[in-house]
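So the structure is just underneath, and the comments pick up after that.
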Amino acid sequence: MVDIFQYGFMQRAIVASLLGGMSCGIIGVWIIMMRIPFVGVAMSHAAFAGAIFGLLFKINPLGMALVFCIGSSALIGPLTERADVDPTVSVGIIFSIVLGLAFLGMSLIEGPKTEALNLMWGSILTVSTNDLKLLFLTTAVLLLGLSIFFKEIQAVLFNREIARAIGIPEKTIFYSLLFFSGVVVTFNLNSIGGILIFSLIINPPSAAYQLTYKLKTMFILSAVFGVLSCFLGLLFSCLFDVPSGAVIIIVSSVLFGICLGFSPKRKVSLGKKQSQ
Amino acid sequence: MGTIIEIKNVTVSYRECVALKDVSLTVKKGTFLGVIGPNGAGKTTLLTAINGLGKIVSGTVNVLGLNLKENEHQLRKEIAYVPQSYNIDPRLPISVHDAVKIGRTGRVGLCRKLKTNDYRAIDRALDLVGVGNLKNRPIGHLSSGEQQKVAIARALLQEPKVMLLDEPTSNLDPGAQQEIIELIQTIYRNNKLTVIFVTHILRHLPDSCKELIFLRRGKIIYAGGFKESLKKELLSHLYHCSIEALAL
């Protein structure tokens, strides 16, 4: 068992788990706090649709995934503000468009659809060095941005209207985080898969939300839970020869369940209900 | 006293609803102005027209001698806005200290860390409003009155020239209402601010309020002294029912 860690593919998988878990965990805090969890679903399906069309037209699937993801994130904000549509509705509209495009693209691919199906489920064990470089760059920029703009991000997450009223460039921050959500989803597509990645964006921060009243701690815990989900998913995948993406998601869901069970916040809300 | 806010023929609309219609208003520096009106009169819209959050369709707003549209980002740092109270999720991972600190964030600027002086100012603001002992508590665990004090502390940290208060005493019990009114009065006097206080309850206006405007259906129907406004015909017209002001 220990010998397996000497192989290049396993070492790359471990690094992908660390970077993917961290980046998804961090961006997930933003998505959960803004109460737009469906953005993760829309982005992951946009990336998936883009990759499908990349395969169809023989263009770099990852490049097309990025274009579709960033295009979707660029639409969500203006659709919400200029069309005066609720953010969850605008995300739903984007999701329905990209889902339709994804399955249209799948139907147009001639012959076996193995490569397309791999994009749906992901395979952390076949992550390339190039994938790792992109993941590393994304995670590094994300961490740097978070440390430099933490106080502004905290203000926007508290209340967008108040942040705007105080003179914080709230819209720029909101659109930037949507953009980074798209980038993180795209570069984790190969390892986690288009169908499953939104769970890695939602579950770790939701678990972290249960345990802390401090935003900084929430970011750290979410990253830790993301990494832990990926590591354990990889481990079980090796031990039991099961798809890694699916196991990662199951582990992250179990982690959420444990955190919910031990949540000090759950006791607070129960206490308030009883006193009412 | 120079003019600090000048609104000229401003119309604000939300989709097909016109919230403010061709409104003009001049506010002198150091004034405590009360804005009274029934629900839907455009009181909140008037405040958001001044701080740039509202969608101005036509007209101009000048604050501190600068055009709001061209200097929005800079002017927002000088205008403190205390919005109407709203529900905060009790599980929100933001402490009272962090919620107040946000007021300093805009002033400090991007890519800059808060310094020791800023943290001292935060502690002073928390103590001034009377929630210093709650600074480590989650913001969602505070009562409505305490949350309103936090909002006022946050506004103070901007070191503003203008303070806009949107129904700061709504949803509070009489004791908390009185505390907030006295706090606002103290802040106004000590900081020599220009304050615009929106409410639909006349008796919630502090003694410092000497000028009033009445808003009805997006238009100013009265602008003048506080005492002169307390006429039965005027109040009845404002609220579309028979009202008489008793001794205040």
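When only residues in region B:94-106 that are out of contact with any Lys or Arg (no Cβ under 7 Å at 6 or more places or on another chain) and more than 7 Å from chain A (Cβ to nearest Cβ) count, which is farthest from B:Asp22 (Cα to Cα)?
B:Lys101
Select from region A:148-205 the residues that are outside any loop (DSSP other than H, G, I, E, B) and of a type in the set (Phe, Trp, Tyr) and write down the one among them that is nearest to the other protein chains (Cβ to nearest Cβ).
A:Phe158
In region B:51-68, which residues are at the interface with chain A (Cβ under 8 Å from one of its Cβ atoms) and either surrounded by fewer than 16 Cβ atoms within 10 Å (Cβ to Cβ) or in a loop (DSSP other than H, G, I, E, B) (or both)?
B:Leu53
Pick out the one residue from A:Ile258, A:Ile201 that is surrounded by 24 or more Cβ atoms within 10 Å (Cβ to Cβ) and either at pLDDT below 90 or not hydroxyl-bearing (Ser, Thr, Tyr) (or both).
Of the residues listed, the single one that is surrounded by 24 or more Cβ atoms within 10 Å (Cβ to Cβ) and either at pLDDT below 90 or not hydroxyl-bearing (Ser, Thr, Tyr) (or both) is A:Ile201.
Before we move on, is B:Asp173 charged (D, E, K, R), surrounded by fewer than 21 Cβ atoms within 10 Å (Cβ to Cβ) and outside the structural domain of B:Thr44 (by TED's automatic domain parsing)?
no
Just the residues that are crowded, with 17+ Cβ neighbours inside 10 Å and of a type in the set (Asp, Glu), please, taken from region B:119-159.
Within region B:119-159, B:Glu146 is the sole residue that qualifies.
Just need a number here: residues in region A:124-183 that are touching an Asp or Glu at 6+ places or on another chain (Cβ under 6 Å) and more than 21 Å from A:Ile201 (Cα to Cα).
Number of matching residues: 4.
Could you check region B:157-185 and list, in sequence order, the residues that are in a helix (DSSP H, G or I), more than 12 Å from every other protein chain (Cβ to nearest Cβ) and touching a residue at least 40 places away in the same chain (Cβ under 8 Å)?
Matches in region B:157-185: B:Glu179, B:Leu183.
Scan region A:122-145 and give yes if some residue there is within 14 Å of another protein chain (Cβ to nearest Cβ), assigned to a helix (DSSP H, G or I) and more than 15 Å from A:Ala65 (Cβ to Cβ), otherwise no.
Scanning region A:122-145 turns up at least one residue that is within 14 Å of another protein chain (Cβ to nearest Cβ), assigned to a helix (DSSP H, G or I) and more than 15 Å from A:Ala65 (Cβ to Cβ).
Please count how many residues of region B:69-93 are within 7 Å of another protein chain (Cβ to nearest Cβ) and either over 23 Å from the mean Cα position of the chain (by Cα) or assigned to a helix (DSSP H, G or I) (or both).
Looking only at that region, the number is 5.
The values are calculated or read from the model by the stated rules, or taken from the named source; none is laboratory data. Everything numeric in this text was worked out from a predicted model, so none of it was measured. Cβ sites come from the backbone with ideal geometry, for glycine too, and all protein chains shown count toward neighbours.
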